[in-house]
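Engineer: Below: one structure in structure tokens.
Every number in this text was worked out from the coordinates using simple rules, so none of it is lab data. None of the values given here were measured: they were computed from a predicted structure. Note: ideal-geometry Cβ built from the backbone for every residue, glycine included; neighbour counts use all protein chains shown.
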């Protein structure tokens with residue numbers, strides 16, 4: 001197994017073997033949590049632990065755990081190691097690293113990542129599907145025939161067709177985002193005091209970006225390359 005390249009990584013590995021969680025190791029060593037997660041994947045801490053345990057096979061003893069022996073239970077607070085080891089046998093290394101990065105993420109954090117991706121997709125779609133004016137149509141050759149029958153088939157999308165399709169797609173995307181936000185809000189309330197201040201502030205910031213002070217997304221701001229005019233309602 002690869003060995004840690006520096007003293008901090010060695011110290012982090014020692015704490016991990018003692019059963020500390022990655023987030024606790026990061027706090028104890030005053031390191032970013034992402035750094036500890038990267039070390040865990042890069043130096044294959046779980047694989048190293050499995051290799052060490054595989055070498056310690058007792059002689060002339062029956063199979064399975066011995067009565068009263070709790071060594072096989074693994075270090076406390078590190079129950080995901082067995083599942084992570086299963087993934088390591090079948091997943092590509094790049095995918096495995098992503099699994100490792102989310103191993104200690106809470107359901108709230110995972111849901112928030114999904115909300116961010118949905119919001120980013122909505123903003124990006126406004127740029128890709130932007131219709132300049134009523135004359136902005138798209139003409140595309142979709143078929144060309146040779147031989148006995150020669151011909152071409154073209155597809156024309158008028159500006160109003162493109163705008164209508166865009167509005168329908170945006171409406172579906174906003175409905176999906178609205179559902180994710182409501183789910184996050186419900187989980188936040190259920191967590192109560194266990195939720196962190198950062199997890200609470202995330203939702204308030206997103207509501208401000210969407211122009212709504214409530215849990216519902218009531219307004220979508222269409223982004224284009226023209227200068228924004230003042231809102232008469234403000």
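Engineer: Can you give me the relative contact order of the stretch 107-209 as a percent, contacts being Cα pairs under 8 Å and 6 or more apart?
Structural biologist: 30 percent
Engineer: Okay, next question. Determine the shape class of the stretch 107-209: with a ≥ b ≥ c the square roots of the Cα gyration tensor eigenvalues, call it rounded for a/c under 1.5, and otherwise prolate if a/b is greater than b/c, oblate otherwise.
Structural biologist: Because a/c hits 1.5 or more and a/b exceeds b/c, the stretch 107-209 counts as prolate.
Engineer: Among 144, 11, what is the fewest-to-most ranking by other Cβ atoms within 10 Å?
Structural biologist: Fewest-to-most Cβ neighbours within 10 Å comes out as 144, 11.
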